[in-house]
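S.K.: I'd like to ask some things about the structure below.
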Amino acid sequence: MFATMENATQFELRLADRMSRLGTETAFEVLDRARQLEREGKEIVHLEIGEPDFATPANIVEAAVDALHKGWTHYGPSAGLPELRQTIATYVSETRGVPVSSDEVVVVPGGKPIIFFSILALVDPGDEVIYPNPGFPIYESMINYVGGRAVPIQLREERDFSLNVDELATRITDRTKLIIINSPQNPTGGVLQRKEIEGIARAVADRNIFVLSDEIYSRLIFEGEHFSIMSVPGFKERTILLDGFSKTYAMTGWRMGYGVMRPDLAAQITRLMTNSNSCTASFTQVAGVEALRGEQASVTEMCGEFKKRRDMFVAGLNEIRGFSCRMPKGAFYTFPNIRKTGWPSKKLATALLEEAGVACLAGTAFGEFGEGYLRFSVANSLENLQRALGRIGEWTEKNL
Ligand SMILES: Cc1ncc(COP(=O)(O)O)c(C=O)c1O
(Lines give C-alpha, C1' and ligand atoms only; values in the text may rest on other atoms or scores of the structure.)
Protein backbone atom coordinates (compact mmCIF):
# COMPACT_ATOMS: atom_id res chain seq x y z
CA MET A 1 0.00 0.00 0.00
CA PHE A 2 1.27 3.48 -0.90
CA ALA A 3 0.97 6.13 1.79
CA THR A 4 -1.60 8.80 0.97
CA MET A 5 -0.86 12.49 1.53
CA GLU A 6 -2.98 12.45 4.70
CA ASN A 7 -0.97 9.56 6.03
CA ALA A 8 2.29 11.25 5.18
CA THR A 9 1.43 14.44 7.07
CA GLN A 10 0.68 12.70 10.35
CA PHE A 11 4.44 12.51 10.87
CA GLU A 12 5.89 15.69 12.25
CA LEU A 13 8.72 17.09 10.15
CA ARG A 14 11.63 17.03 12.58
CA LEU A 15 14.33 19.07 10.92
CA ALA A 16 17.86 19.40 12.21
CA ASP A 17 18.29 22.54 14.34
CA ARG A 18 20.79 23.98 11.91
CA MET A 19 18.07 24.35 9.27
CA SER A 20 16.51 27.16 11.32
CA ARG A 21 19.75 29.11 10.89
CA LEU A 22 19.90 28.79 7.12
CA GLY A 23 19.10 32.01 5.25
CA THR A 24 18.16 32.48 1.63
CA GLU A 25 18.64 34.57 -1.47
CA THR A 26 15.53 36.74 -1.79
CA ALA A 27 16.10 37.31 -5.51
CA PHE A 28 14.62 33.90 -6.24
CA GLU A 29 11.53 34.61 -4.12
CA VAL A 30 10.93 37.96 -5.81
CA LEU A 31 11.36 36.29 -9.19
CA ASP A 32 8.69 33.70 -8.21
CA ARG A 33 6.26 36.44 -7.17
CA ALA A 34 6.95 38.41 -10.36
CA ARG A 35 6.26 35.30 -12.45
CA GLN A 36 3.01 34.74 -10.57
CA LEU A 37 1.95 38.33 -11.35
CA GLU A 38 2.81 37.67 -15.01
CA ARG A 39 0.61 34.59 -15.02
CA GLU A 40 -2.19 36.83 -13.75
CA GLY A 41 -1.68 39.04 -16.81
CA LYS A 42 0.55 41.80 -15.35
CA GLU A 43 3.56 42.98 -17.26
CA ILE A 44 6.76 43.17 -15.20
CA VAL A 45 10.20 44.64 -15.91
CA HIS A 46 12.68 42.26 -14.32
CA LEU A 47 15.49 44.05 -12.54
CA GLU A 48 15.71 41.69 -9.59
CA ILE A 49 17.92 38.84 -10.68
CA GLY A 50 21.69 39.03 -11.05
CA GLU A 51 22.40 37.46 -14.37
CA PRO A 52 23.50 38.80 -17.74
CA ASP A 53 20.65 38.98 -20.24
CA PHE A 54 23.02 38.04 -23.08
CA ALA A 55 23.27 34.60 -24.63
CA THR A 56 26.35 32.52 -23.83
CA PRO A 57 28.89 33.25 -26.61
CA ALA A 58 28.49 30.85 -29.56
CA ASN A 59 32.05 29.43 -29.42
CA ILE A 60 31.37 28.21 -25.87
CA VAL A 61 28.00 26.69 -26.75
CA GLU A 62 29.56 24.92 -29.73
CA ALA A 63 32.38 23.54 -27.60
CA ALA A 64 29.79 22.04 -25.21
CA VAL A 65 27.71 20.53 -28.03
CA ASP A 66 30.83 19.07 -29.57
CA ALA A 67 31.88 17.67 -26.19
CA LEU A 68 28.47 16.02 -25.78
CA HIS A 69 28.84 14.35 -29.19
CA LYS A 70 32.32 13.22 -28.26
CA GLY A 71 31.05 11.47 -25.15
CA TRP A 72 31.99 13.88 -22.35
CA THR A 73 28.90 12.64 -20.57
CA HIS A 74 30.41 10.64 -17.72
CA TYR A 75 31.81 11.24 -14.26
CA GLY A 76 35.09 13.08 -14.12
CA PRO A 77 37.56 13.75 -11.29
CA SER A 78 35.97 15.52 -8.28
CA ALA A 79 38.40 18.44 -8.45
CA GLY A 80 37.72 19.04 -12.15
CA LEU A 81 39.11 17.91 -15.51
CA PRO A 82 42.92 18.25 -15.53
CA GLU A 83 42.86 20.37 -18.70
CA LEU A 84 40.40 22.86 -17.22
CA ARG A 85 42.27 23.02 -13.90
CA GLN A 86 45.47 23.77 -15.81
CA THR A 87 43.73 26.39 -17.97
CA ILE A 88 42.34 28.09 -14.85
CA ALA A 89 45.76 27.95 -13.15
CA THR A 90 47.33 29.68 -16.16
CA TYR A 91 44.53 32.27 -16.31
CA VAL A 92 44.75 33.08 -12.61
CA SER A 93 48.57 33.24 -12.76
CA GLU A 94 48.31 35.78 -15.57
CA THR A 95 45.49 37.89 -14.16
CA ARG A 96 46.62 37.92 -10.50
CA GLY A 97 50.35 37.92 -11.14
CA VAL A 98 51.17 34.97 -8.88
CA PRO A 99 52.22 31.48 -9.91
CA VAL A 100 49.31 29.05 -9.55
CA SER A 101 49.47 25.32 -10.26
CA SER A 102 46.60 23.04 -11.20
CA ASP A 103 46.54 21.25 -7.83
CA GLU A 104 45.52 24.58 -6.30
CA VAL A 105 42.34 24.72 -8.41
CA VAL A 106 39.00 23.06 -7.60
CA VAL A 107 36.24 23.25 -10.20
CA VAL A 108 32.71 23.28 -8.74
CA PRO A 109 29.13 23.77 -10.03
CA GLY A 110 29.02 27.62 -9.85
CA GLY A 111 30.84 30.10 -7.64
CA LYS A 112 28.41 29.52 -4.76
CA PRO A 113 29.71 26.09 -3.70
CA ILE A 114 33.11 27.65 -2.97
CA ILE A 115 31.39 29.81 -0.33
CA PHE A 116 29.52 26.80 1.02
CA PHE A 117 32.51 24.46 1.06
CA SER A 118 35.07 26.97 2.39
CA ILE A 119 32.85 27.81 5.36
CA LEU A 120 32.02 24.14 5.97
CA ALA A 121 35.68 23.20 5.82
CA LEU A 122 37.07 26.02 7.99
CA VAL A 123 34.50 27.34 10.45
CA ASP A 124 33.74 25.62 13.76
CA PRO A 125 30.88 26.66 16.06
CA GLY A 126 31.89 29.89 17.78
CA ASP A 127 34.51 30.84 15.20
CA GLU A 128 34.13 34.37 13.90
CA VAL A 129 33.79 35.27 10.27
CA ILE A 130 33.90 38.89 9.13
CA TYR A 131 31.79 39.58 6.07
CA PRO A 132 30.54 42.62 4.12
CA ASN A 133 27.07 43.98 4.91
CA PRO A 134 25.23 44.82 2.72
CA GLY A 135 26.62 41.80 0.89
CA PHE A 136 25.78 38.60 -0.93
CA PRO A 137 23.30 36.96 1.49
CA ILE A 138 24.78 33.49 1.22
CA TYR A 139 27.82 34.52 3.31
CA GLU A 140 25.77 35.30 6.40
CA SER A 141 23.46 32.36 5.78
CA MET A 142 26.30 29.84 5.64
CA ILE A 143 28.21 31.30 8.60
CA ASN A 144 25.08 30.98 10.73
CA TYR A 145 24.30 27.53 9.34
CA VAL A 146 27.55 26.04 10.59
CA GLY A 147 27.18 27.78 13.97
CA GLY A 148 29.85 30.39 13.34
CA ARG A 149 29.56 33.96 14.58
CA ALA A 150 28.75 36.31 11.71
CA VAL A 151 30.59 39.61 12.24
CA PRO A 152 29.34 42.23 9.77
CA ILE A 153 31.51 45.00 8.45
CA GLN A 154 29.31 47.83 7.21
CA LEU A 155 29.91 49.12 3.70
CA ARG A 156 29.05 52.80 3.68
CA GLU A 157 27.71 54.89 0.86
CA GLU A 158 29.89 57.88 1.76
CA ARG A 159 32.94 55.67 1.11
CA ASP A 160 31.51 54.55 -2.23
CA PHE A 161 30.69 51.23 -0.53
CA SER A 162 34.31 50.24 -0.14
CA LEU A 163 35.46 48.85 3.17
CA ASN A 164 36.83 50.90 6.06
CA VAL A 165 40.11 49.18 6.89
CA ASP A 166 40.34 50.75 10.39
CA GLU A 167 36.89 49.40 11.19
CA LEU A 168 37.93 45.99 9.90
CA ALA A 169 41.00 46.02 12.14
CA THR A 170 38.79 46.54 15.21
CA ARG A 171 36.63 43.52 14.26
CA ILE A 172 39.53 41.07 14.14
CA THR A 173 39.85 38.96 17.33
CA ASP A 174 41.57 35.75 18.38
CA ARG A 175 38.46 33.87 17.22
CA THR A 176 38.50 35.29 13.70
CA LYS A 177 38.94 32.38 11.31
CA LEU A 178 37.90 33.87 8.03
CA ILE A 179 37.39 37.28 6.41
CA ILE A 180 35.16 37.49 3.34
CA ILE A 181 35.69 40.27 0.84
CA ASN A 182 33.92 40.82 -2.48
CA SER A 183 35.06 43.13 -5.25
CA PRO A 184 33.44 44.24 -7.53
CA GLN A 185 30.63 43.98 -5.04
CA ASN A 186 27.10 42.69 -5.05
CA PRO A 187 24.80 44.55 -4.32
CA THR A 188 26.52 47.97 -4.31
CA GLY A 189 28.82 47.84 -7.35
CA GLY A 190 31.63 49.05 -5.06
CA VAL A 191 35.20 48.17 -6.01
CA LEU A 192 38.05 47.79 -3.53
CA GLN A 193 41.05 49.79 -4.70
CA ARG A 194 44.56 48.41 -4.50
CA LYS A 195 45.41 50.58 -1.48
CA GLU A 196 42.35 49.29 0.37
CA ILE A 197 43.22 45.67 -0.37
CA GLU A 198 46.75 46.34 0.85
CA GLY A 199 45.23 47.93 3.98
CA ILE A 200 43.17 44.78 4.58
CA ALA A 201 46.34 42.72 4.23
CA ARG A 202 48.10 44.97 6.76
CA ALA A 203 45.18 44.61 9.18
CA VAL A 204 45.37 40.81 8.94
CA ALA A 205 49.18 41.00 9.18
CA ASP A 206 50.75 37.64 9.98
CA ARG A 207 47.69 36.15 11.69
CA ASN A 208 46.57 32.69 10.66
CA ILE A 209 43.32 33.92 9.10
CA PHE A 210 41.98 32.93 5.69
CA VAL A 211 40.54 35.51 3.29
CA LEU A 212 37.76 34.31 1.01
CA SER A 213 38.04 36.73 -1.88
CA ASP A 214 34.88 36.60 -3.98
CA GLU A 215 35.97 37.87 -7.38
CA ILE A 216 33.07 36.53 -9.44
CA TYR A 217 32.67 40.01 -11.05
CA SER A 218 36.42 40.52 -11.67
CA ARG A 219 35.92 41.08 -15.41
CA LEU A 220 32.99 43.46 -14.99
CA ILE A 221 34.76 46.59 -13.96
CA PHE A 222 34.14 50.06 -15.38
CA GLU A 223 36.63 52.26 -13.58
CA GLY A 224 40.08 51.32 -12.43
CA GLU A 225 41.56 47.84 -12.44
CA HIS A 226 40.72 44.70 -10.59
CA PHE A 227 43.20 43.91 -7.84
CA SER A 228 43.19 40.67 -5.83
CA ILE A 229 44.45 40.13 -2.29
CA MET A 230 46.01 36.97 -3.70
CA SER A 231 48.54 39.28 -5.40
CA VAL A 232 49.72 40.78 -2.09
CA PRO A 233 53.04 39.23 -1.05
CA GLY A 234 52.49 36.68 1.72
CA PHE A 235 48.78 36.30 1.04
CA LYS A 236 48.60 33.61 -1.57
CA GLU A 237 48.56 30.79 0.94
CA ARG A 238 45.89 32.48 3.05
CA THR A 239 43.58 33.37 0.16
CA ILE A 240 40.71 31.37 -1.25
CA LEU A 241 39.96 33.01 -4.55
CA LEU A 242 36.43 32.48 -5.88
CA ASP A 243 35.82 33.13 -9.55
CA GLY A 244 33.81 31.50 -12.29
CA PHE A 245 32.03 31.58 -15.59
CA SER A 246 28.48 32.65 -14.65
CA LYS A 247 28.81 36.42 -14.88
CA THR A 248 31.81 36.85 -17.20
CA TYR A 249 30.54 34.61 -19.99
CA ALA A 250 26.77 34.77 -19.32
CA MET A 251 26.80 31.15 -18.16
CA THR A 252 24.67 31.32 -15.00
CA GLY A 253 22.64 28.23 -15.91
CA TRP A 254 25.66 26.10 -16.75
CA ARG A 255 26.73 25.93 -13.12
CA MET A 256 30.48 26.18 -13.26
CA GLY A 257 32.90 28.10 -11.06
CA TYR A 258 36.13 27.50 -9.21
CA GLY A 259 38.21 28.14 -6.15
CA VAL A 260 41.97 28.67 -6.05
CA MET A 261 43.71 27.91 -2.77
CA ARG A 262 46.72 26.14 -1.27
CA PRO A 263 46.86 22.47 -2.29
CA ASP A 264 46.20 21.02 1.18
CA LEU A 265 42.96 23.01 1.46
CA ALA A 266 42.10 22.24 -2.18
CA ALA A 267 42.26 18.53 -1.29
CA GLN A 268 39.75 19.09 1.53
CA ILE A 269 37.36 21.08 -0.66
CA THR A 270 37.65 18.24 -3.17
CA ARG A 271 36.50 15.80 -0.45
CA LEU A 272 33.41 17.95 0.01
CA MET A 273 32.84 17.77 -3.75
CA THR A 274 33.13 13.97 -3.67
CA ASN A 275 30.60 13.88 -0.85
CA SER A 276 28.10 16.22 -2.50
CA ASN A 277 28.22 16.57 -6.27
CA SER A 278 30.82 13.94 -7.24
CA CYS A 279 32.02 16.28 -9.96
CA THR A 280 31.03 19.24 -12.11
CA ALA A 281 29.37 18.20 -15.41
CA SER A 282 32.11 17.04 -17.79
CA PHE A 283 30.91 18.60 -21.05
CA THR A 284 30.49 22.00 -19.41
CA GLN A 285 34.10 21.82 -18.24
CA VAL A 286 35.27 21.17 -21.80
CA ALA A 287 33.36 24.32 -22.77
CA GLY A 288 35.01 26.10 -19.84
CA VAL A 289 38.41 25.54 -21.46
CA GLU A 290 37.09 27.22 -24.62
CA ALA A 291 35.63 30.09 -22.58
CA LEU A 292 39.00 30.94 -21.05
CA ARG A 293 41.19 30.22 -24.06
CA GLY A 294 38.92 31.37 -26.90
CA GLU A 295 37.99 34.80 -28.26
CA GLN A 296 37.31 37.31 -25.44
CA ALA A 297 35.59 40.00 -27.55
CA SER A 298 32.15 39.12 -26.18
CA VAL A 299 33.32 39.84 -22.61
CA THR A 300 34.47 43.32 -23.62
CA GLU A 301 31.24 43.89 -25.52
CA MET A 302 29.03 42.84 -22.61
CA CYS A 303 31.01 45.00 -20.23
CA GLY A 304 30.65 48.01 -22.56
CA GLU A 305 26.92 47.43 -22.79
CA PHE A 306 26.54 47.22 -18.99
CA LYS A 307 28.43 50.49 -18.67
CA LYS A 308 26.09 52.27 -21.09
CA ARG A 309 23.07 50.98 -19.21
CA ARG A 310 24.57 51.88 -15.85
CA ASP A 311 25.18 55.47 -16.99
CA MET A 312 21.66 55.88 -18.30
CA PHE A 313 19.95 54.15 -15.37
CA VAL A 314 21.87 55.98 -12.64
CA ALA A 315 21.13 59.33 -14.30
CA GLY A 316 17.45 58.34 -14.47
CA LEU A 317 17.30 57.19 -10.84
CA ASN A 318 18.75 60.51 -9.72
CA GLU A 319 15.78 62.27 -11.35
CA ILE A 320 13.28 60.32 -9.25
CA ARG A 321 11.83 61.96 -6.17
CA GLY A 322 13.44 60.62 -2.99
CA PHE A 323 16.10 58.57 -4.83
CA SER A 324 19.81 59.28 -5.02
CA CYS A 325 22.31 56.93 -6.57
CA ARG A 326 26.10 56.75 -6.68
CA MET A 327 27.85 55.54 -9.79
CA PRO A 328 28.79 51.89 -9.27
CA LYS A 329 32.32 51.04 -10.46
CA GLY A 330 31.75 47.39 -11.29
CA ALA A 331 29.32 44.44 -11.53
CA PHE A 332 25.87 45.14 -13.00
CA TYR A 333 23.92 46.55 -10.10
CA THR A 334 22.77 49.98 -8.97
CA PHE A 335 22.07 50.60 -5.29
CA PRO A 336 20.13 53.84 -4.86
CA ASN A 337 19.53 55.43 -1.47
CA ILE A 338 15.76 55.76 -0.99
CA ARG A 339 15.69 57.15 2.57
CA LYS A 340 14.18 60.45 1.42
CA THR A 341 11.09 58.61 0.19
CA GLY A 342 10.33 57.92 3.85
CA TRP A 343 9.56 54.29 2.97
CA PRO A 344 11.34 51.23 4.36
CA SER A 345 13.18 49.27 1.64
CA LYS A 346 11.07 46.13 1.73
CA LYS A 347 7.76 47.98 1.62
CA LEU A 348 8.94 50.14 -1.28
CA ALA A 349 10.31 47.15 -3.24
CA THR A 350 7.00 45.32 -2.78
CA ALA A 351 4.96 48.36 -3.85
CA LEU A 352 7.11 48.85 -6.96
CA LEU A 353 6.56 45.23 -7.94
CA GLU A 354 2.85 45.01 -7.16
CA GLU A 355 1.78 48.48 -8.25
CA ALA A 356 4.38 49.72 -10.75
CA GLY A 357 5.36 46.40 -12.35
CA VAL A 358 9.08 46.78 -11.64
CA ALA A 359 10.84 43.92 -9.85
CA CYS A 360 13.80 44.92 -7.70
CA LEU A 361 15.26 43.87 -4.36
CA ALA A 362 15.15 45.58 -0.98
CA GLY A 363 18.58 46.52 0.33
CA THR A 364 17.73 44.46 3.42
CA ALA A 365 17.88 41.32 1.26
CA PHE A 366 21.65 41.87 1.62
CA GLY A 367 21.74 42.36 5.38
CA GLU A 368 20.64 44.84 8.03
CA PHE A 369 22.86 47.64 6.69
CA GLY A 370 21.00 47.50 3.39
CA GLU A 371 18.03 49.33 4.95
CA GLY A 372 17.38 52.56 3.07
CA TYR A 373 18.45 51.16 -0.30
CA LEU A 374 17.09 49.19 -3.25
CA ARG A 375 19.03 47.04 -5.69
CA PHE A 376 18.27 47.18 -9.39
CA SER A 377 20.16 44.96 -11.80
CA VAL A 378 21.01 46.66 -15.10
CA ALA A 379 21.25 43.30 -16.86
CA ASN A 380 18.27 44.21 -19.02
CA SER A 381 17.88 46.15 -22.27
CA LEU A 382 18.16 49.95 -22.38
CA GLU A 383 14.54 50.01 -23.51
CA ASN A 384 13.34 47.99 -20.51
CA LEU A 385 15.47 50.02 -18.14
CA GLN A 386 13.90 53.17 -19.52
CA ARG A 387 10.43 51.68 -19.08
CA ALA A 388 11.26 50.83 -15.49
CA LEU A 389 12.43 54.40 -14.82
CA GLY A 390 9.22 55.77 -16.33
CA ARG A 391 7.08 53.50 -14.17
CA ILE A 392 8.98 54.22 -10.95
CA GLY A 393 8.84 57.95 -11.72
CA GLU A 394 5.09 57.84 -12.26
CA TRP A 395 4.50 55.75 -9.17
CA THR A 396 6.54 58.04 -6.93
CA GLU A 397 4.79 61.16 -8.28
CA LYS A 398 1.46 59.57 -7.37
CA ASN A 399 2.34 58.02 -4.04
CA LEU A 400 5.03 60.07 -2.32
C1 LIG B 1 28.99 38.03 -5.01
C2 LIG B 1 28.55 36.74 -5.61
N3 LIG B 1 29.25 35.64 -5.37
C4 LIG B 1 28.90 34.45 -5.89
C5 LIG B 1 27.80 34.32 -6.69
C6 LIG B 1 27.42 32.96 -7.19
O7 LIG B 1 27.66 32.77 -8.52
P8 LIG B 1 27.26 31.42 -9.26
O9 LIG B 1 25.97 31.67 -9.96
O10 LIG B 1 28.39 31.15 -10.19
O11 LIG B 1 27.14 30.35 -8.23
C12 LIG B 1 27.03 35.46 -6.98
C13 LIG B 1 25.81 35.34 -7.81
O14 LIG B 1 24.94 36.16 -7.81
C15 LIG B 1 27.42 36.70 -6.43
O16 LIG B 1 26.72 37.82 -6.67
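The values are calculated or read from the model by the stated rules, or taken from the named source; none is laboratory data. Bear in mind the structure is a predicted one, so any value in this text is a computation, not a measurement. Quick reminder, even Gly has a Cβ in these numbers, built from the backbone with ideal geometry, and neighbours come from all protein chains shown. Just so you know, the surface numbers come from the protein's heavy atoms only, side chains and all, with ligands and any DNA or RNA stripped out. Shrake-Rupley method; radii C 1.70, N 1.55, O 1.52, S 1.80 Å.
S.K.: In debye to the nearest 20, how big a dipole does the stretch 1-129 give about its Cα centre with +1 on each Lys and Arg Cβ and -1 on each Asp and Glu Cβ?
M.R.: The dipole of the stretch 1-129 has a size of about 200 debye.
S.K.: For every other residue with a beta carbon closer than 11 angstrom to the beta carbon of residue 28, add +1 if it is Lys or Arg and -1 if Asp or Glu, then tell me the sum.
M.R.: Net local charge, residue 28 excluded: -2.
S.K.: Largest first and in whole Å, give the semi-axes of the stretch 44-174's equivalent ellipsoid, each being the square root of 5 times a Cα gyration tensor eigenvalue.
M.R.: 34, 21, 17
S.K.: Lys/Arg Cβ at +1, Asp/Glu Cβ at -1, dipole of the stretch 1-88 taken about the Cα centre: which of 75, 55, 65 is farthest positive-ward?
M.R.: 75
S.K.: Starting at 0 and stepping by 20 Å, how many percent of the alpha carbon pairs of the chain end up in each bin?
M.R.: Taking every Cα pair in the chain, the percentages come to 27, 56, 17, 0.
S.K.: Also: Considering the chain as a Gaussian network with a 10 Å cut-off on Cα pairs, which listed residue, 54, 245, 335, attains the greatest mean-square fluctuation?
M.R.: 54
S.K.: Putting +1 on Lys and Arg Cβ atoms and -1 on Asp and Glu Cβ atoms, find which of 266, 304, 367 reaches farthest to the positive end of the dipole of the stretch 255-384.
M.R.: Final value for the positive-end residue is 367.
S.K.: Something else: Rounded to whole Å and sorted largest first, what semi-axes of the equivalent ellipsoid does the C-alpha gyration tensor of the stretch 265-341 yield via the square root of 5 times each eigenvalue? Please list the in-between numbers first.
M.R.: Details: eigenvalues 310, 84, 16 Å².
Calculated on Cα positions only, the semi-axes equal 39, 20, 9 Å.
S.K.: Okay, next question. Quick one: what are the phi-derived ³J(HN,Hα) couplings along the stretch 279-292, Karplus 6.51/-1.76/1.60 with θ = phi - 60°, whole Hz, x for glycine and proline?
M.R.: Along the stretch 279-292, the couplings run 6, 7, 3, 5, 5, 5, 5, 4, 5, x, 4, 5, 4, 7 Hz.
S.K.: Related question: When you have a sec, figure out the Kirkwood radius of the stretch 295-400 from all distinct Cα pair distances and drop it here in Å to one decimal?
M.R.: Taking every pair of different Cα atoms in the stretch 295-400, averaging 1/r and inverting gives 14.0 Å.
S.K.: Round to the nearest 0.05 the FRET efficiency obtained for residue 42 and residue 166 when R0 = 56 Å and r is the Cβ-Cβ distance.
M.R.: 0.75
S.K.: Now, a different point. Could you compute the longest span of the chain free of trypsin sites (Lys or Arg not before Pro) located in DSSP loops and having at most 13 other Cβ atoms within 10 Å, not counting the site residues?
M.R.: Looking at the chain, 208-320 is the longest stretch - no exposed trypsin sites (Lys or Arg not before Pro) with at most 13 other Cβ atoms within 10 Å.
S.K.: Using a Gaussian network model of the chain with C-alpha springs under 10 Å, which one of 23, 71, 189 is most mobile by mean-square fluctuation?
M.R.: 71
S.K.: Quick one: if you stick a label point 7 Å off each Cα along the C-beta vector at residue 300 and residue 101, how many nm between them?
M.R.: With each label point 7 Å from Cα toward Cβ, the separation is 3.5 nm.
S.K.: State to the nearest 20 debye the size of the charge dipole of the chain about its Cα centre, where the only charges are +1 on K and R beta carbons and -1 on D and E beta carbons.
M.R.: 440
S.K.: So what's the gap between the Cα centers of the stretch 326-388 and the stretch 128-159, to the nearest angstrom?
M.R.: What the calculation gives is 20 Å, centre to centre.
S.K.: Normalising by the residue count of the stretch 22-144, find the relative contact order in percent from Cα pairs under 8 Å and 6+ residues apart. Working shown, then result.
M.R.: On the way: 66 pairs, mean separation 36.5, N = 123.
This gives 30 percent for the stretch 22-144.
S.K.: With all protein chains present, how much of the accessible area of the stretch 201-354 (probe radius 1.4 Å) comes from carbon and sulfur, to the nearest whole percent?
M.R.: The value for the stretch 201-354 is 50 percent carbon and sulfur by accessible area.
S.K.: Report, as a whole number in µm² per second, the diffusion coefficient that Stokes-Einstein gives for the stretch 110-182 at 10 °C and 1.306 mPa s using the Kirkwood radius over alpha carbon pairs.
M.R.: Working: Rh = 12.5 Å.
D, rounded to a whole number, is 127 µm²/s.
S.K.: Additional query: Expected output is a single nm value to one decimal: the length gained when fully extending between residue 321 and residue 28, i.e. 0.36 nm times separation in residues minus the C-alpha distance. What is it?
M.R.: Gain on stretching residue 321 to residue 28: 102.7 nm.
S.K.: Setting aside same-chain residues fewer than 8 positions from residue 247, which lysines have a Cα under 20 Å from its Cα?
M.R.: 112, 307, 308, 329
S.K.: Between 304, 372, 330, find the one with the highest GNM mean-square fluctuation for the chain; connect C-alpha pairs within less than 10 Å.
M.R.: Looking only at 304, 372, 330, the biggest GNM fluctuation is shown by 304.
S.K.: Excluding residue 368 itself, what net charge comes from residues whose Cβ is under 13 Å from its Cβ, given Lys and Arg +1 and Asp and Glu -1?
M.R.: Net local charge, residue 368 excluded: -1.
S.K.: Still on this structure: Quick check: residue separation of residue 386 and residue 293 times 0.36 nm, minus the Cα distance between them. What number comes out in nm?
M.R.: Details: separation 93, 0.36 × 93 = 33.48 nm, distance 3.59 nm.
Extra length available between residue 386 and residue 293 comes to 29.9 nm.
S.K.: With every protein chain left in place, what is the accessible area of residue 216 in Å² (1.4 Å probe, nearest 10)?
M.R.: Here the residue's solvent-accessible area equals roughly 20 Å².
S.K.: Right, another one. Could you let me know the centre-to-centre spacing of the stretch 51-93 and the stretch 214-235, using Cα atoms, in angstrom?
M.R.: One Cα centre to the other: 23 Å.
S.K.: Follow-up question, since we're still on this one. Which whole-percent values make up P(r) of the stretch 151-221 when all C-alpha to C-alpha distances are grouped in 5 Å steps starting at zero?
M.R.: Once binned at 5 Å, the Cα pair distances of the stretch 151-221 give 3, 16, 29, 27, 16, 8, 1, 0.
S.K.: If you don't mind, there's one more thing I want to ask. Return the calculated 222 nm mean residue ellipticity for the chain, to the nearest 500 deg cm²/dmol, obtained by summing -39500 (n - 2.57) across DSSP H runs with n ≥ 4 and dividing by the residue count.
M.R.: On the way: 13 runs with 156 residues, N = 400.
About -12000 deg cm²/dmol.
S.K.: Let me ask you something else. Counting other Cβ atoms within 10 Å, keep those with at most 13, restrict to DSSP loop, and tell me which GluC sites (Glu not before Pro) in the stretch 169-237 are left.
M.R.: Filter output for the stretch 169-237: 223, 225.
S.K.: Using only the Cα atoms of the stretch 156-285, what semi-axes does the equivalent ellipsoid have when each is the square root of 5 times a gyration tensor eigenvalue? Give whole Å, largest first.
M.R.: Each semi-axis is the square root of five times an eigenvalue, giving 26, 20, 12 Å.
S.K.: At a Cα cut-off below 20 Å, give the lysines reachable from residue 346, other chains included and same-chain residues fewer than 8 away excluded.
M.R.: Qualifying lysines at Cα under 20 Å: 398.
S.K.: Based on Cβ point charges of +1 for Lys and Arg and -1 for Asp and Glu, what charge dipole magnitude is obtained for the stretch 99-171 about its Cα centre, in debye rounded to the nearest 20?
M.R.: 180
S.K.: Pairs of alpha-carbon atoms within less than 8 angstrom and 6+ residues apart define the contacts here; what relative contact order does the chain have, in percent? Each step should come with its number before you reach the end.
M.R.: Details: 774 pairs, mean separation 92.6, N = 400.
It comes to 23 percent, rounded to a whole number.
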